[in-house]
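J.: Encoded as structure tokens, here's the structure I'll be asking about.
A short reminder: the numbers here are calculations on the coordinates, not readings from a lab. No experiment lies behind these values; they were computed from the predicted model shown. Heads up, the Cβs are rebuilt from the backbone with ideal geometry, glycines too, and the neighbour counts pull from every protein chain shown.
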Amino acid sequence: MIGAAVWRGPEAAVLTVGAVLVALLAFGIFVAFTGLDPFAVYKVLYLGAFGSRFSIETTLTLAAPIMLTALCVVIPARAGLLIIGGEGALVLGGLGSVLAGVALNGAPASLATPLILLAGAAAGAIWIAIPAALRQFRGVNETISTLLFNYIAIALLNHLVSGPIRDYGQPLKPTSWPIPSAFMIGTIPGLSVHWGLVYGVAACLVAFVVLRQTTFGFALSILGGNLRAAQMAGLPVAALALTAAALGGAAAGLAGAVEVVAVHGAASISLVVGYGYAGILVAFVARQNPLAVVLAALLVGGISASGGLLQRRFGMPDAASTVLEGCIFLAVLGSNSLYGRLRFLQSRSAEVK
Amino acid sequence: MSVGGDIGVWSVLLAIVGSALRVSTPYLFVSLGETLTEKSGRINLGLEGTLMMGAMSGYAVALGTGSPWLGVLGAGVTGAAFGLLHAGLCSLPRVNDIAVGIALFIFGTGFAVYLGKPLVHPVAPRLPDIDLGFWSSLPSLRAALQVNALLIIGILLAPAMLWILHNTRWGLKLRTVGDSADAARALGYSINGVRATATAIGGFFAGVGGAFLSLYYPGAWTENLSSGQGLMAVTLVIFARWNPINCVFAALLFGGASALGPALQAVGITSNYYLYGAAPYVLTLVLLIRTSSTKHRLFGAPSELSINK
């Protein structure tokens with residue numbers, strides 16, 4: 001039901017592209033009703049997302065964390081878990097990386113930065129492994145518990161940055177202690193996009209290979225497809241589910257760590273900007289395929305990036321990008337019902353009976 | 001013990017009761033709505049979007065007509081439309097209701113903020129107060145007992161809903177669809193039809209809950225109006241064990257818990273402010289852990305609910 005069991009290549013691609021076009025059409029009709037020229041809006045949407053060097057860089061910067069939070073949905077989904085806790089795992093990743101960064105003060109950056117990223121990933125992994133363990137051993141629904149975990153993570157963040165780890169030198173907004181500036185990671189040479197993009201794309205590629213080409217990935221898909229079959233085959237069901245959840249959590253935690261070491265330099269409520277929820281959207285648009293996550297994250301990142309330009313050109317509210325993203329999400333979900341209905345997409349063997 | 005200390009304690013308690021009564025109303029409406037939807041075997045995780053749409057449209061209608069009660073009605077109708085959208089998508093094959101809920105959460109929030117942009121400055125008429133503390137001469141008590149008619153309507157709705165679920169033909173039909181789709185199909189019921197009705201009514205309630213936010217407390221339309229009351233609906237329903245009467249207590253408890261931090265802050269206890277804010281979520285989690293089992297579904301949960309499978 002989550003759509004992770006099978007990747008039906010061409011059919012999935014056609015349905016998704018079709019759904020995105022339907023969503024764009026619906027959005028165009030909506031903006032026409034508000035008195036704007038839809039084609040002018042489409043053009044600005046494209047220009048704001050991919051039209052100039054600056055807009056492409058913004059799109060890539062926004063897409064990077066979304067790729068990682070999407071993996072927090074995709075990898076557990078392969079094992080049949082619907083995890084929506086990416087937002088919380090990202091927050092925990094940010095907190096973990098700040099604590100590691102402060103603890104490692106004085107260490108050489110070449111050693112400290114990888115450790116900080118690792119600490120963020122580990123914090124996210126543990127955070128998401130807990131709901132998976134509750135599911136395995138207590139039968140607690142993982143979707144509901146990860147939703148609660150998001151709120152708990154944000155409360156924890158607010159608590160820590162407003163007291164225990166607060167940097168009182170920042171009077172305006174409660175902010176944690178900063179990590180030493182030597183540990184910050186810079187931008188990719190020739191682009192003003194931070195290294196998080198490389199981590200995001202690399203994580204998606206690795207996830208694709210692991211889920212597609214390894215015994216572990218195959219075992220996960222058996223578990224996700226049919227729990228009984230997995231038990232009958234003697235697979236270590238609990239260990240597999242926990243590992244899948246932890247890997248997903250690690251990806252989202254890494255996203256939080258990257259936001260700290262590449263953007264903010266400290267943890268604050270600025271970490272909570274909806275990357276986790278955008279990751280859910282991207283995972284479903286990509287139909288739980290890690291390679292498609294890269295493309296879907298670029299699409300969603302591009303839509304978010306063009307929000308500012310839409311605002312300046314047409315005076316549209318900045319929620320315009322959220323509306324379009326919501327339309328795309330709904331259209332993609334609706335298109336699931338068309339699987340197997342489009343005759344020209346069915347494989348030959350299905351027709352020859 | 002000084003007299004001043006006593007008054008301090010009492011005023012904190014009264015402040016908590018007063019703001020619990022105020023804060024709990026949207027919780028009550030979303031949980032009643034979600035209970036009805038889940039009783040039909042479907043889960044709507046998108047009530048946050050519905051709540052925001054209700055708040056925005058309620059404010060707009062009240063502004064346009066000058067009547068806050070027409071605003072409440074408008075909010076309910078908008079919410080019902082969102083419920084029908086959810087039901088329509090979920091009735092398609094291979095469409096996951098939880099995913100549709102998340103999509104409607106994103107879409108509804110964005111849409112409400114988009115359409116509500118011109119509503120940020122104008123002032124719409126507010127829903128009137130009901131002075132339940134008229135018999136008292138203590139100003140703090142009177143302030144605490146100043147409630148809104150919607151709270152009373154919600155509290156009356158709960159037993160009515162329980163009665164309808166257990167004593168009417170439609171209630172039986174709804175529970176049948178929620179507990180065994182196969183049995184309902186064998187009886188010739190339209191499963192999608194029943195679920196669509198339940199989701200639309202659930203959306204209506206959530207929309208009314210939103211109107212409370214924009215038309216009474218806090219009483220204005222802003223982009224950050226909701227603090228996740230809609231997302232909490234699913235949790236509240238689990239907490240209330242799918243029983244409308246329990247929804248009242250769950251809503252009051254959650255309202256009280258979210259009033260705890262601000263009330264303590266008002267008397268100068270500011271440490272751990274945010275941890276108190278997390279109390280409802282931790283409480284629900286503990287409850288879930290204690291009552292869940294790998295052997296059986298949650299006590300009271302409709303069997304067709306996807307979170308049981």
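J.: Average the reciprocal distances over every distinct pair of alpha-carbons in the protein assembly as shown, invert the result, and give the Kirkwood radius in Å.
T.: Taking every pair of different Cα atoms in the protein assembly as shown, averaging 1/r and inverting gives 25.7 Å.
J.: Can you work out the Karplus-derived ³J(HN,Hα) for every residue in the range A:9-14? Use 6.51 cos²θ - 1.76 cosθ + 1.60 with θ = phi - 60°, whole Hz, and x for glycine or proline.
T.: Values per residue, Gly and Pro as x: x, x, 4, 4, 5, 4 Hz.
J.: Have a look at B:228, B:208, B:162 and report the one farthest towards the positive end of the charge dipole of chain B, computed about the Cα centre with Cβ charges (Lys/Arg +1, Asp/Glu -1).
T.: B:162
J.: Across peptide A:311-321, how many C-beta atoms of other chains are within 10 Å of each residue C-beta, on average?
T.: 3
J.: Something else: Taking only DSSP H segments of four or more residues, each worth -39500 (n - 2.57), what value at 222 nm results for chain B once the sum is divided by all its residues, to the nearest 500 deg cm²/dmol?
T.: Per the formula, -23000 deg cm²/dmol.
J.: Calculate the mean, over all residues of peptide B:235-241, of how many other protein chain Cβ atoms lie within 10 angstrom of the residue's Cβ.
T.: 1
J.: Say the dipole of the range A:27-338 comes from +1 at the beta carbon of Lys and Arg and -1 at that of Asp and Glu; which of A:278, A:315, A:103 then lies farthest toward its positive end?
T.: My answer, from the dipole projection, is A:278.
J.: Let me ask another. If you place +1 on the Cβ of every Lys and Arg and -1 on the Cβ of every Asp and Glu, how big does the dipole about the Cα centre of the range A:27-338 come out, in debye to the nearest 20?
T.: Its charge dipole is roughly 340 debye.
J.: May I ask you to order A:132-138, B:287-293 by the average number of other C-beta atoms within 10 Å around their residues, highest value first?
T.: A:132-138, B:287-293
J.: Suppose every K and R has +1 on its Cβ and every D and E has -1 on its Cβ; what is the size of the dipole of the range B:3-308 about the Cα centre, in Debye to the nearest 20?
T.: 600
J.: Right, another one. Using the Kyte-Doolittle scale, which helices in chain B average at least 1.6 and also have C-alpha atoms spread 24 Å or more along the helix axis, with helices defined as whole DSSP H runs?
T.: B:97-115, B:149-167
J.: Mind ranking A:80-92, B:271-283, B:120-132 by how tightly packed they are, going by the mean number of other C-beta atoms within 10 angstrom, highest first?
T.: Highest mean packing first, the order is A:80-92, B:271-283, B:120-132.
J.: Which is farthest toward the positive dipole end of the range B:3-308 among B:253, B:265, B:177, measuring Cα position about the Cα centre, with Cβ charges +1 (Lys, Arg) and -1 (Asp, Glu)?
T.: In the range B:3-308, that residue is B:177.
J.: While we're on this one: Residue by residue through A:330-340, how many Cβ atoms from other chains fall within 10 Å of the Cβ on average?
T.: That average works out to 5.
J.: Which value, in debye to the nearest 20, describes the size of the charge dipole of the protein assembly as shown about its Cα centre when Lys and Arg Cβ atoms bear +1, Asp and Glu Cβ atoms bear -1, and nothing else is charged?
T.: For the protein assembly as shown, the charge dipole is close to 1420 debye.
J.: For chain A, what is the convex hull (Cα atoms) projected area averaged across all directions, in square nanometres?
T.: 20.5
J.: What is the local net charge at residue B:35, summed over the other residues whose Cβ is closer than 15 Å to its Cβ (Lys, Arg +1; Asp, Glu -1)?
T.: My count for the surroundings of residue B:35 gives +1.
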